[in-house]
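Read the structure below first, then the notes.
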Amino acid sequence: MNERINQIARGTVTGVIPQIVFSSQELREQVLEGQVHNYEFLITSDNEIPIEGILYSSHVCVNVKHREITGTIIRVLIEVDASYAVAGDSIDGEFCLISNGGEYYLPYHFKVTVLQDHASEVIQELSQFTDLAKKDFSTALQIFLDKDFIRRKFMKEISHRALYYGLLGGNSEASAMEEFLVALHEKEPVHIILEQSGDSIEEITREQGRKLLGEIKLSVSGWGYTQITCETDMPWIQFDKKQVTSADFKGGSYNWMYKVEIAKLHPGKNDACIWIKTPYEKLTYTVHINAPAKVRKKREENKKGWEKIYALLMAYENKQMPDKDALDALEQQATDIMKHDPDNVRLHLLRAWVYLLENKYQMTIHVLEWVEEAIRRGKEEDPEAYCFMLYIRALLNKEGTSFAREQVNHYFEKKPNALLAYLELCLNPNYAKEENAYQFLKIMFEEGIHSPILYSLACRILKVNPRLLEQVGQFELQMLFYGVKNHLLDDNIKNQMLSLPTPDMKFFSIYYRLLCALYKEEESRSLLEAICGLLVRKGKTDKKYQKWYVLGIQRNISLTSLEEYYMYSLSESGQDEIPERIVESYMDKDGLDEKSKCILYTYIVKKYNKKSQIYKNYKKRMEDFVNNQIQKGNVNGRMNRLYHEFLSVDSLNDSQAKVVPDLLFAKKITTSFPFARRVVIRYAQLQQEVIRPVSNQVAWVPVYMDTAAVIFEDEYGNRYTDPSYQIKGVFQDDALLARCCELCPTHMMIHLVHAEHFEYEPIKEEEELYLAMSLLNITVLENMYRQMLLEAIIQYCFTHHTQETIECDSLLLELNCERLEPDTRIQVVEILVESGYYPEAYDRLKMCQWKKIDKEKLLYLLTRRIVDSMYRYDRWIVIIGYWLQERGFYNEIMLSYLAKFFEGTNEQMYHLLATVKKTDTEYRDLPGRVLEQIIVTGNFRHICQVYEWYSEQDYPLETLQKAYYVLKCHCYFCQEKWDQLDLFTAQDASILEGWFQTESQSLPLIYAFALVKYYAACEYLDELQKELAQQIVGLLCRRKSWIKEIIELDRHIFLPYELEGRGIAQVVTKEEKVTIGLRYIPYGNEERFYMEEVYPGVFTKSFVLFADESLSYRIYAGTKVIIEDGRLDGTECFMSQDSRYACLNRSVMLARNKQDEELLEQLKEIDEADYLRKQLFPLL
């Protein structure tokens, strides 16, 4: 800038300036809230003249990293700070370039957004979000899961936020959004439709193989998300998937595939139910399949026949019927089956064995010979039949025993089964002893051979030697249970069994059923003791076991803890009668669990009068129990009667007051969801959840506020909202609640209840203020609720800032304002300014929309900042301070600071200077900076006023003054735009005259042109001016810088002879080359000549004309005509009275008028004058 000033001061005004171009006409971008972004643009010089200047931004959040620029191609880096902006804000302003090419402006507009797509950006209403979810569920889900979803307009409702927080705690995000919209009645749940109610297959063909495929056709009604599960009650149905979601439905339909294991079907009708379940419905699909017709009849008959054979065999072996009857029945049954299966060798062997037992040896031999060959051929496929045949042969002939034993042993080791084990036991002499035989049977059982044959043999062995029963394990239980069903156990076996230790818990069920079956046969005291002892040892307290405890008590069974377990088995309904013996027995002992105590004490309170001895004996223990339950926060319906009985305002103490509110706000919640395992209570105010178990679709839980979300969770962690759940108060007492508030004034949940209206009403009283401040100490507050409390506190302090609210100052000083609403941030700043916390207020100034702050407070804050910082440069203060000054808010300190640091457009700088002058503030070098900027940029608005203020300074720079006058003279002479109409005044002329008197040779030429033009227009010149004009004209003539205004000075001064008879054509233009076309009047052709540039943009051409001569001219710039019709006349040219040019002009005129005598006389005078000059000046 200084170089340009010096150039102008030396007279170079119209030098080549850069043609500046920005890479874009406007910057429009989106910036993310809370972040700092970097952008760039280019400034180029089209004519490759280097650009020099300063670039600055008008907005405080947009910063140019390098303000001073230079070069022909400049890469400008800018920083947009949206750290404290919020979505929806706009950062608008412009970049201003003050350069040697002039003033240039580049507007910008940065819109603050959050990281989301366009769909998310336009969603502000719940209905809009629902519409998006209906069109694009996945996009809506992304928005739903965004951390800023909670800040949308429709989420201001506290119940909506509670519901949102609670649902997101589940395992399925898609389900959470579905339940959210359903709970807010924005949509109906997705419903599943069965296109048919079931499937029926009457015939299975061979081509269908071992598996049959089926499908369940489903369709959905409505849009959204749901999880669908599939269950069945039959093992022969298998599904390709156990669970699908609505996302698996293509085109609104889905075919759920299932397989039928044909091998697992039983003969005849096979019916199965398939249940299609969603959280809101349960559909039933039936499958009916018939086994193949030919096989079915045969299989049914054979199965029934073999069942009878096995029953008869066991009856025979166990001596449950006469031998002859059993054998006759066996033979007849075998004969009946053979009608359908005549080739079954096993049936023939069975008949042979029956004949043998009946001593019909010949018939036995006959049957064996009939089937022996077939059996031997298939002995590898059916080794049991082969071994059984050898066993019968051994019975007929003892010599075959050894071979039979070897073959049985061989096939038994190869593949053991029940029949081979039986034959091994019969043929092997090692098992003749009961101990060995019994151990063999146990080993067979452990190896997986589970057969009534083995159980029957074991029972028969135990009848002989019951002491072999040494433990009750899995084998023994199966064997004993079989013995009970078939009446094979005698008293010795029973007593031996009862004398043994109780089996492991894993065998409880079968052992319990065994004892019950034995007791059913014989209601003996020992068996009752065993049953009660088993139940007590195994800790069984279910209602179904209560009958045994009752029987034990009635029969005075001596068993430790029998009474306790009777109490444990009582129903919580309180409908059971408790024997007085038990009531009395517990007056002096304490061994019950909490549930039983509750039942017992509730029974006593209901049954006995307070004056009764039993009530008095129990009173202290009941009071202690109630107090203990209160301390544990035990909330359930069974405690209500005791709480009402023993909890009162007078008896309440400090420790109880901390937990009693949980009882007072306890609710019984009943859900329609059978799959619910837990209930979740979520408050929008707190980050933590209250979770309680759900039993039989009922839960007991404290619910302090109606705005809390009640959500149900299944065993897999999925969460659902039940639109038909019921909630009912359990224990309510307003007086008790008031007493709790007195004894425990810091109870968190009660405080939250009292502060619930802060969501929709401002804080009105100091008590509410202190309540809100105390809530801020809760560590588990949700951030959204904490922000709401802070805003409510700040709003109160803003409207009631007194000495009483001074306690809030420490809160405000520690407060992080980033998450506060924009208007609340403003209030924080104003409160801190009013309280005198200026550094803290200034730090928070950058976080808020400072244009909305009270302007007087803002000015005072900035003023204090200036003073405290010792007038150090601060860009924020400069921009905000000027903004305030524009609106009439300023003081001497602010103006002085701006005068030192502010940089802006010419107009801004001028208005600042005007304000500074008006207030008589110290303005430092401001006028000089403004004047320099105006001169360099070439926008001369206000330049005269600025120069006047600048010249008032004690020591103005001469270079700047000369530059000013160069520009002024240039505009005056070249008739260019200037600040005022009165462009050049006598005062201006006086200043130039003073400079010419001292340094005429070094002054710019434009000064001389301006003075010549000024003098030419003056009516009168004083002697000093005439002398100076004569000096300037001589200077111009020596330089041959002739301008047409010189001719007009002939009335003031004597012009040099060089100017006599000269006509001057002159033009002011910005063209580089100019030509003139001349034509003498009245004849002559046009001739072209180049015009001389006597000053940048000023072209002249002079011609000598006599009085009778005239010419016309045109001035061209290339082919373009600048002046169309110019004219020069000889009569208008300057001439002195006695000059040679004057004499020649008179001669021409006399000749034209034919005045010959006068012409002759004139010519003689010319000759004489020439002769005298030659004599006087011989060198000429």
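The values are calculated or read from the model by the stated rules, or taken from the named source; none is laboratory data. Everything numeric in this text was worked out from a predicted model, so none of it was measured. Methodologically, a virtual Cβ is constructed for each residue, glycine included, from the backbone with ideal geometry; neighbour enumeration extends over all protein chains shown.
For region 1103-1122, enumerate the residues that are at pLDDT 85 or above, in contact with a strand residue (DSSP E or B) (Cβ under 8 Å, 6 or more places away or on another chain) and not hydrophobic (A, V, I, L, M, F, W, C).
Those that are at pLDDT 85 or above, in contact with a strand residue (DSSP E or B) (Cβ under 8 Å, 6 or more places away or on another chain) and not hydrophobic (A, V, I, L, M, F, W, C): Ser1112, Tyr1113, Arg1114, Tyr1116.
May I ask you to verify whether Val649 is over 21 Å from Ala183 (Cβ atoms), in contact with a helix residue (DSSP H, G or I) (Cβ under 9 Å, 6 or more places away or on another chain) and in contact (Cβ under 8 Å) with a residue 60 or more places away in the chain? Don't jump to the end; show me each part of the working.
On the way: over 21 Å from Ala183 (Cβ atoms): yes; in contact with a helix residue (DSSP H, G or I) (Cβ under 9 Å, 6 or more places away or on another chain): yes; in contact (Cβ under 8 Å) with a residue 60 or more places away in the chain: yes.
Judged against the criteria, Val649 is a match.
Would you confirm whether any residue within region 1046-1059 is of a type outside the set (S, T, N, Q), within 29 Å of Gln7 (Cα to Cα) and touching a residue at least 12 places away in the same chain (Cβ under 8 Å)?
Of region 1046-1059, the ones of a type outside the set (S, T, N, Q) are 1046-1059.
Applying the additional criterion that residues be within 29 Å of Gln7 (Cα to Cα) yields 1046.
Filter again for touching a residue at least 12 places away in the same chain (Cβ under 8 Å), leaving 1046.
Yes - at least one qualifying residue is present in region 1046-1059.
Taking the condition touching a residue at least 24 places away in the same chain (Cβ under 8 Å) and in contact with a Phe, Trp or Tyr (Cβ under 8 Å, 6 or more places away or on another chain), does Met479 pass? First the steps, then the outcome.
Details: touching a residue at least 24 places away in the same chain (Cβ under 8 Å): yes; in contact with a Phe, Trp or Tyr (Cβ under 8 Å, 6 or more places away or on another chain): yes.
Criteria met by Met479.
Please find, among Ser221, Ser138, the residue that is among the polar types (S, T, N, Q) and in contact with a His (Cβ under 8 Å, 6 or more places away or on another chain).
Numbers: Ser138 fails: in contact with a His (Cβ under 8 Å, 6 or more places away or on another chain).
Criteria check complete, one pass: Ser221.
Just one of Thr915, Thr937 is hydroxyl-bearing (Ser, Thr, Tyr), under 26 Å from Tyr104 (Cα atoms) and in contact (Cβ under 8 Å) with a residue 60 or more places away in the chain; which is it? Talk me through it step by step, then tell me what you get.
Numbers: Thr915 fails: in contact (Cβ under 8 Å) with a residue 60 or more places away in the chain.
So the residue among Thr915, Thr937 that is hydroxyl-bearing (Ser, Thr, Tyr), under 26 Å from Tyr104 (Cα atoms) and in contact (Cβ under 8 Å) with a residue 60 or more places away in the chain is Thr937.
Which residues, taken from region 56-71, are assigned to a strand (DSSP E or B) and out of contact with any Cys (no Cβ under 7 Å at 6 or more places or on another chain)?
Initially, region 56-71 is screened for residues assigned to a strand (DSSP E or B), giving 56-57, 62-64, 68-71.
Matches in region 56-71: Ser57, Val62, Asn63, Val64, Glu68, Ile69, Thr70, Gly71.
Report, by residue number, each residue of region 889-917 that is closer than 18 Å to Lys855 by Cα and in a loop (DSSP other than H, G, I, E, B).
Passing the criteria: Phe889, Tyr890, Asn891.
For region 422-452, name all the residues that are in a helix (DSSP H, G or I) and over 22 Å from Lys398 (Cβ atoms).
Filtering region 422-452 for residues in a helix (DSSP H, G or I) gives 422-427, 429-432, 434-446, 452.
If the condition is that a residue be in a helix (DSSP H, G or I) and over 22 Å from Lys398 (Cβ atoms), then Glu434, Glu435, Tyr438, Gln439, Phe440, Leu441, Lys442, Ile443, Met444, Phe445, Glu446, Pro452 are the ones that fit.
Can you list the helices (runs of 4 or more DSSP H) lying wholly within region 751-856 that have 2 or more residues being among the hydroxyl-bearing types (Ser, Thr, Tyr) and outside the structural domain of Asp148 (by TED's automatic domain parsing)? Don't jump to the end; show me each part of the working.
Details: elements: 766-775, 783-799, 808-814, 822-835, 838-845.
Once the helices (runs of 4 or more DSSP H) in region 751-856 are filtered for at least 2 residues that are among the hydroxyl-bearing types (Ser, Thr, Tyr) and outside the structural domain of Asp148 (by TED's automatic domain parsing), what remains is 766-775, 783-799, 822-835, 838-845.
Answer yes or no: is there a residue in region 615-635 that is of a type in the set (Phe, Trp, Tyr) and surrounded by fewer than 19 Cβ atoms within 10 Å (Cβ to Cβ). Working first, answer last.
Let us first name the residues in region 615-635 that are of a type in the set (Phe, Trp, Tyr), namely 615, 618, 625.
Checking which are surrounded by fewer than 19 Cβ atoms within 10 Å (Cβ to Cβ) leaves us with 615.
So far as region 615-635 goes, yes, one or more of its residues are of a type in the set (Phe, Trp, Tyr) and surrounded by fewer than 19 Cβ atoms within 10 Å (Cβ to Cβ).
Go through Val753, Val780 for me and flag whichever is touching a strand residue (DSSP E or B) at 6+ places or on another chain (Cβ under 6 Å) and closer than 29 Å to Leu652 by Cα.
Details: Val753 fails: touching a strand residue (DSSP E or B) at 6+ places or on another chain (Cβ under 6 Å).
Residue meeting the stated conditions: Val780.
Checking Lys977 against (1) assigned to a helix (DSSP H, G or I); (2) touching a helix residue (DSSP H, G or I) at 6+ places or on another chain (Cβ under 9 Å), only one condition comes out false. Which one?
Failed condition: (1).
Yes/no per residue for (1) touching a residue at least 40 places away in the same chain (Cβ under 8 Å); (2) under 23 Å from Tyr882 (Cα atoms):
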residue	(1), (2)
Ser810	no, no
Ile831	no, no
Glu840	no, yes
Gln849	yes, yes
Glu856	no, yes
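So is Phe996 in a helix (DSSP H, G or I), farther than 30 Å from Arg924 by Cβ, among the aromatic types (Phe, Trp, Tyr) and touching a Lys or Arg at 6+ places or on another chain (Cβ under 7 Å) or not?
The answer is no for Phe996.
For Gly928, are the conditions met, namely being among the small types (Gly, Ala, Ser) and under 52 Å from the mean Cα position of the chain (by Cα)?
On the way: among the small types (Gly, Ala, Ser): yes; under 52 Å from the mean Cα position of the chain (by Cα): no.
When the stated conditions are applied, Gly928 does not pass them.
In the list Trp256, Trp236, which residue meets the criterion of being surrounded by 14 or more Cβ atoms within 10 Å (Cβ to Cβ), touching a strand residue (DSSP E or B) at 6+ places or on another chain (Cβ under 7 Å) and within 17 Å of Ser197 (Cβ to Cβ)?
Details: Trp236 fails: within 17 Å of Ser197 (Cβ to Cβ).
Result: Trp256 is the single residue among Trp256, Trp236 that is surrounded by 14 or more Cβ atoms within 10 Å (Cβ to Cβ), touching a strand residue (DSSP E or B) at 6+ places or on another chain (Cβ under 7 Å) and within 17 Å of Ser197 (Cβ to Cβ).
Given the options Asp92, Asp148, name the one that is out of contact with any helix residue (DSSP H, G or I) (no Cβ under 8 Å at 6 or more places or on another chain) and either of a type in the set (Val, Ile, Thr) or modelled with pLDDT of 90 or more (or both). So that I can check it myself, show each step before the final result.
On the way: Asp148 fails: either of a type in the set (Val, Ile, Thr) or modelled with pLDDT of 90 or more (or both).
Only one candidate passes the filter, namely Asp92.
Kindly indicate the residue of region 807-836 that is surrounded by fewer than 19 Cβ atoms within 10 Å (Cβ to Cβ) and over 28 Å from the mean Cα position of the chain (by Cα) and also farthest from Val86 (Cα to Cα) among those meeting that condition.
Glu807
Looking at region 539-579, which of its residues are within 54 Å of the chain's Cα centre (by Cα), surrounded by 17 or more Cβ atoms within 10 Å (Cβ to Cβ) and farther than 23 Å from Tyr608 by Cα?
Scanning region 539-579 gives Lys540, Thr541.
Tell me which of these Tyr1095 doesn't satisfy, since it passes every other one: (1) out of contact with any strand residue (DSSP E or B) (no Cβ under 6 Å at 6 or more places or on another chain); (2) surrounded by fewer than 18 Cβ atoms within 10 Å (Cβ to Cβ); (3) in contact (Cβ under 8 Å) with a residue 60 or more places away in the chain.
(2)
Among the residues of region 678-702, how many are crowded, with 22+ Cβ neighbours inside 10 Å and either of a type in the set (Gly, Ala, Ser) or closer than 16 Å to His754 by Cα (or both)?
Of the residues in region 678-702, 4 are crowded, with 22+ Cβ neighbours inside 10 Å and either of a type in the set (Gly, Ala, Ser) or closer than 16 Å to His754 by Cα (or both).
Does Ile262 satisfy the condition of being in contact (Cβ under 8 Å) with a residue 12 or more places away in the chain, surrounded by 18 or more Cβ atoms within 10 Å (Cβ to Cβ) and hydrophobic (A, V, I, L, M, F, W, C)?
Values: in contact (Cβ under 8 Å) with a residue 12 or more places away in the chain: yes; surrounded by 18 or more Cβ atoms within 10 Å (Cβ to Cβ): no; hydrophobic (A, V, I, L, M, F, W, C): yes.
So Ile262 fails the test.
Determine the pairs where a residue that is farther than 13 Å from Thr670 by Cα, located within region 713-725, has a partner that is surrounded by 13 or more Cβ atoms within 10 Å (Cβ to Cβ) and among the aromatic types (Phe, Trp, Tyr) with Cβ atoms under 6 Å apart, the partner being 6 or more residues away or on another chain.
Short answer, once both residue conditions are applied: Asp714/Phe675; Tyr720/Phe712.
Identify all residues within region 612-651 that are among the basic types (Lys, Arg) and either under 24 Å from Glu584 (Cα atoms) or part of a loop (DSSP other than H, G, I, E, B) (or both); write none if there are none. Break it down stepwise before answering.
Just the residues of region 612-651 that are among the basic types (Lys, Arg), to begin with: 616, 619-621, 632, 638, 641.
Of everything in region 612-651, those that are among the basic types (Lys, Arg) and either under 24 Å from Glu584 (Cα atoms) or part of a loop (DSSP other than H, G, I, E, B) (or both) turn out to be Lys616, Lys619, Lys620, Arg621, Arg638, Arg641.
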